[in-house]
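A short write-up of the structure that comes next.
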Number of protein chains: 2
Amino acid sequence: MSYGFLEGMRVIESSAFVAAPLGGLTLAQYGADVIRIDMIGGGIDYARWPVMPNGRSLYWTGLNKGKRSLAVDLRKPEGRQLVADLVAAPGCGILLTNVAAPWLGHARLAQMREDVITCTIEGNPDGTTAVDYTVNCATGYPLVTGDGAADRPVNHVLPAWDVACAAQAAFAVLAAHGRRLASGQGAEIRIALADVAFSTLSHLGVVADAQLLDHERPAIGNDVYGGFGRDFACRDGRRVMVIAISARQWASLVAACGVAAAVAGIEASRGLDLRREADRYEARDAIADAIRPWIADRGLAEVAAAFDAAGVCWGIYKTARELVAADKRVSAANPIFETIDTAGVGRHLAAGPAPRFTGVDRGQVLPAPLLGEHTDVVLTELLGLSGAAIGLLHDKGIVAGPHTGHTS
Amino acid sequence: MSYGFLEGMRVIESSAFVAAPLGGLTLAQYGADVIRIDMIGGGIDYARWPVMPNGRSLYWTGLNKGKRSLAVDLRKPEGRQLVADLVAAPGCGILLTNVAAPWLGHARLAQMREDVITCTIEGNPDGTTAVDYTVNCATGYPLVTGDGAADRPVNHVLPAWDVACAAQAAFAVLAAHGRRLASGQGAEIRIALADVAFSTLSHLGVVADAQLLDHERPAIGNDVYGGFGRDFACRDGRRVMVIAISARQWASLVAACGVAAAVAGIEASRGLDLRREADRYEARDAIADAIRPWIADRGLAEVAAAFDAAGVCWGIYKTARELVAADKRVSAANPIFETIDTAGVGRHLAAGPAPRFTGVDRGQVLPAPLLGEHTDVVLTELLGLSGAAIGLLHDKGIVAGPHTGHTS
């Protein structure tokens with residue numbers, strides 16, 4: 001765990017891929033005891049890319065930090081019963097899953113423990129399958145990503161809806177847990193990835209814009225819709241993203257690049273007031289033309305010094321390697337990062353929760369477990385099984401202990 | 001409000017743009033009384049695009065659904081004191097903000113109310129400014145978005161880090177609120193947008209991949225990294241995203257397109273087992289070549305019928321207008337959506353929380369307030385001010401009532 005806020009909360013996570021595991025990670029890093037259930041030998045995401053040369057998945061170990069792991073044969077009725085028993089166990093009573101299996105259905109679990117909380121992540125609200133890419137293609141965003149020069153849509157690379165869904169699942173579980181503490185009630189929660197995406201479009205005004213104004217955002221490359229923001233190349237080829245959202249940021253940018261006269265000329269000739277965000281959007285090409293030479297004449301270091309001195313809102317385009325190699329925000333100097341040792345991976349930087357609570361112990365960022373590392377101790381702690389009973393489960397191939405052979 | 005889970009929680013939100021308002025929206029839609037504070041006449045984001053012809057912002061109204069609004073002159077000391085008094089008021093004690101103003105600093109508020117919870121969203125962890133675009137450019141994603149044919153990076157359009165930050169802020173506030181209920185302790189929370197992004201990169205394995213293997217994801221267009229997924233054009237020009245992550249999805253895709261023989265040929269000639277995800281990634285071009293003619297020979301309706309019958313994981317590329325016009329997932333038939341009436345906007349679809357709690361009343365999706373709509377009632381309820389005292393604040397220009405003139 002990291003923070004201790006959720007000490008006493010225990011969650012069974014029967015999951016794969018991003019949304020459910022990342023939701024469980026959030027709970028674990030706030031102090032919940034999250035026990036991830038996997039098929040013996042690993043589930044569908046156990047070897048997902050990126051992977052170490054030995055086959056150990058950096059994806060799986062990244063998403064399962066600080067959880068305990070139990071390996072069980074989920075095809076066998078006894079294995080399924082064991083998982084249901086763990087969910088319903090005293091001191092547990094929470095299931096987080098994206099496996100819509102009837103044997104893990106809420107009704108069945110609620111018969112075993114009336115106040116059970118289940119949170120099931122699904123693709124579409126009708127229960128049909130969808131993943132981040134097959135939801136995102138319907139949002140309209142891929143058709144307006146990039147400059148529209150290609151004849152095909154451009155998908156995002158970050159699984160953004162999975163990431164948002166994970167946080168909403170963690171929030172819903174926490175809200176339901178608070179209600180259970182207060183009133184003793186359980187909860188059946190369902191979250192569709194599609195609903196996460198389309199509700200976000202509503203919150204951002206996209207749905208109303210399309211419905212009421214029959215309006216579609218244009219494909220405007222890296223420009224910021226409705227304001228001024230664009231990427232530029234420095235003399236040394238490094239690229240920067242430059243933005244002016246607030247009036248102060250705009251004044252800083254104009255001052256840093258020394259373009260006050262050019263700006264006044266744009267304003268005069270076009271009847272605009274570039275202190276207004278919408279006017280900057282209208283004149284964005286002219287503004288970019290004014291700024292471009294100043295940036296193109298300077299190397300990144302000189303641009304950086306001038307922009308920082310003036311208070312410009314800007315950033316540097318980096319590869320992931322450049323980010324990790326030399327950006328202090330991704331280093332042990334940042335309190336949210338720590339160097340940890342993950343079995344089968346080695347020592348590497350890993351993040352705890354992004355939120356920082358002043359004066360609250362962050363604990364340690366704990367590494368992901370080995371698959372099945374906690375099988376025996378969980379069965380003892382949660383179900384009170386004897387060593388002999390656990391041994392029998394091993395003998396029958398219903399559970400398994402630590403899996404260390406990562407070469408696939 | 002929508003759900004009643006957070007009844008009794010009251011939050012002062014002094015905010016602008018996406019992350020803080022969307023975090024407040026989450027709390028409001030779970031039942032908290034969220035009071036948004038804005039500058040008289042509207043803050044920096046009050047007229048942000050998209051906007052109605054009368055100037056009313058669909059962005060602002062989308063992000064402030066179900067909140068109460070208080071308009072105050074934030075430049076005047078009396079106005080600032082009023083906001084601090086509201087945060088410290090009995091029955092309140094929570095501030096959510098992205099305005100790093102000293103007069104709203106935690107230390108000052110904690111002197112007024114010891115158990116105050118403040119959640120401040122910032123750009124970088126050192127307090128310097130950053131926004132979604134200037135954080136995202138450093139993640140490495142824009143450099144691997146699209147097919148790499150252009151000589152410049154491709155930014156995402158969805159402000160994905162803002163969306164993720166909002167949910168993490170709401171979660172952090174809820175966790176701190178739970179602790180305060182149990183122990184009486186307040187909390188000072190800071191969340192940097194950059195930390196949200198870079199911690200996510202750690203969770204997804206990107207940081208470890210770069211650090212340990214010096215590895216960078218390639219720009220692979222719309223292909224799904226490490227598996228099989230790609231967009232295809234139907235005979236009628238409509239595009240679809242097709243994915244095979246699980247072995248079952250792969251079998252469905254092979255069956256639907258009738259490409260079993262071609263798949264066997266690929267496996268034999270390249271020594272691969274395409275039931276394995278990593279092998280599908282390696283052979284993704286050959287797989288796409290096999291599938292492409294089947295899709296290109298059929299209109300969308302025929303593709304849809306065959307894919308759905310076979311259980312393929314797929315989606316249709318849509319514009320936002322197409323989505324809102326004809327996708328039942330964005331309609332009043334979906335329980336998370338409702339038609340509401342927003343002053344200055346009219347009747348439109350709007351979403352409540354994406355999570356659905358079985359048997360729990362969703363309440364109504366409430367519209368955004370008029371700016372300053374609740375100025376008087378909030379001052380009465382929270383601070384016990386008399387009508388005369390409130391009148392004096394109006395006369396002195398420290399607060400203002402409802403703002404209905406949206407034409408900018």
Filter the stretch B:225-234 for residues that are touching a helix residue (DSSP H, G or I) at 6+ places or on another chain (Cβ under 6 Å) and part of a loop (DSSP other than H, G, I, E, B); the one that is farthest from B:Leu143 (Cα to Cα) is B:Cys234
Among (1) facing chain A (nearest Cβ under 7 Å); (2) surrounded by fewer than 23 Cβ atoms within 10 Å (Cβ to Cβ); (3) among the acidic types (Asp, Glu); (4) touching a residue at least 60 places away in the same chain (Cβ under 8 Å), there is one condition B:Asp214 misses while meeting the rest; what is its number? (4)
Does A:Ala350 meet the test of being surrounded by fewer than 19 Cβ atoms within 10 Å (Cβ to Cβ), at negative phi and modelled with pLDDT of 95 or more? no
Have a look at A:Val163, A:Val157 and point out the one that is outside any loop (DSSP other than H, G, I, E, B), over 19 Å from B:Ser246 (Cβ atoms) and within 7 Å of chain B (Cβ to nearest Cβ). A:Val163
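To keep it simple, each residue is scored yes or no on (1) under 25 Å from B:Leu25 (Cβ atoms); (2) more than 9 Å from chain B (Cβ to nearest Cβ); (3) not in a helix (DSSP H, G or I).
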{"site": "A:Leu181", "(1), (2), (3)": "yes, no, no"}
{"site": "A:Gly221", "(1), (2), (3)": "no, no, yes"}
{"site": "A:Ala251", "(1), (2), (3)": "no, yes, no"}
{"site": "A:Asp273", "(1), (2), (3)": "no, yes, yes"}
{"site": "A:Tyr281", "(1), (2), (3)": "yes, no, no"}
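For the stretch B:149-160, how many residues meet the condition of being more than 16 Å from A:Tyr225 (Cα to Cα) and modelled with pLDDT of 95 or more? Break it down into steps so the answer makes sense when it comes.
Going residue by residue through the stretch B:149-160, those that are more than 16 Å from A:Tyr225 (Cα to Cα) are B:149-153.
Of the ones still in play, those that are also modelled with pLDDT of 95 or more are B:153.
Adding up the residues that qualify gives 1.
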Could you grab me the full set of residues in the stretch A:28-57 that are touching a Lys or Arg at 6+ places or on another chain (Cβ under 9 Å) and either crowded, with 24+ Cβ neighbours inside 10 Å or under 26 Å from A:Phe357 (Cβ atoms) (or both)? A:Ala28, A:Gln29, A:Ala32, A:Asp33, A:Val34, A:Ile35, A:Arg36, A:Ser57
Is it fair to say A:Ala343 is touching a residue at least 40 places away in the same chain (Cβ under 8 Å), under 18 Å from A:Val51 (Cβ atoms) and surrounded by 20 or more Cβ atoms within 10 Å (Cβ to Cβ)? no
When both residues are 6+ apart or on different chains and their Cβ atoms are under 7 Å apart, which pairs have a first residue that lies in the stretch A:110-132 and is more than 8 Å from chain B (Cβ to nearest Cβ), and a second that is of a type in the set (Lys, Arg)? A:Asp115/A:Arg180; A:Ile117/A:Arg180; A:Thr120/A:Arg190; A:Glu122/A:Arg190
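Tell me the residue from A:Val312, A:Val360 that is aliphatic (A, V, I, L, M), in the same structural domain as A:Val263 (by the TED database) and under 31 Å from the mean Cα position of the chain (by Cα), please.
Working: A:Val360 fails: in the same structural domain as A:Val263 (by the TED database).
None of the others qualify; the one that does is A:Val312.
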Per the filter on the stretch A:202-211, residues touching a residue at least 60 places away in the same chain (Cβ under 8 Å) and surrounded by fewer than 24 Cβ atoms within 10 Å (Cβ to Cβ) are none
When you scan the stretch A:272-282, do you find a residue that is exposed (fewer than 15 other Cβ atoms within 10 Å of the Cβ), modelled with pLDDT of 95 or more and closer than 30 Å to B:Ser202 by Cβ, even just one? no
Suppose we filter A:Pro353, A:Pro367, A:Pro402 for residues that are facing chain B (nearest Cβ under 8 Å) and in contact (Cβ under 8 Å) with a residue 24 or more places away in the chain; which single one remains? A:Pro353
Please determine whether any residue of the stretch A:142-151 is part of a helix (DSSP H, G or I), under 16 Å from B:Leu158 (Cβ atoms) and in contact with a Ser or Thr (Cβ under 7 Å, 6 or more places away or on another chain). yes
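The values are calculated or read from the model by the stated rules, or taken from the named source; none is laboratory data. Note that the structure is a prediction, hence the values are computed from the model and not measured. Cβ atoms come from the backbone with ideal geometry, glycine included; neighbour counts cover every protein chain shown.
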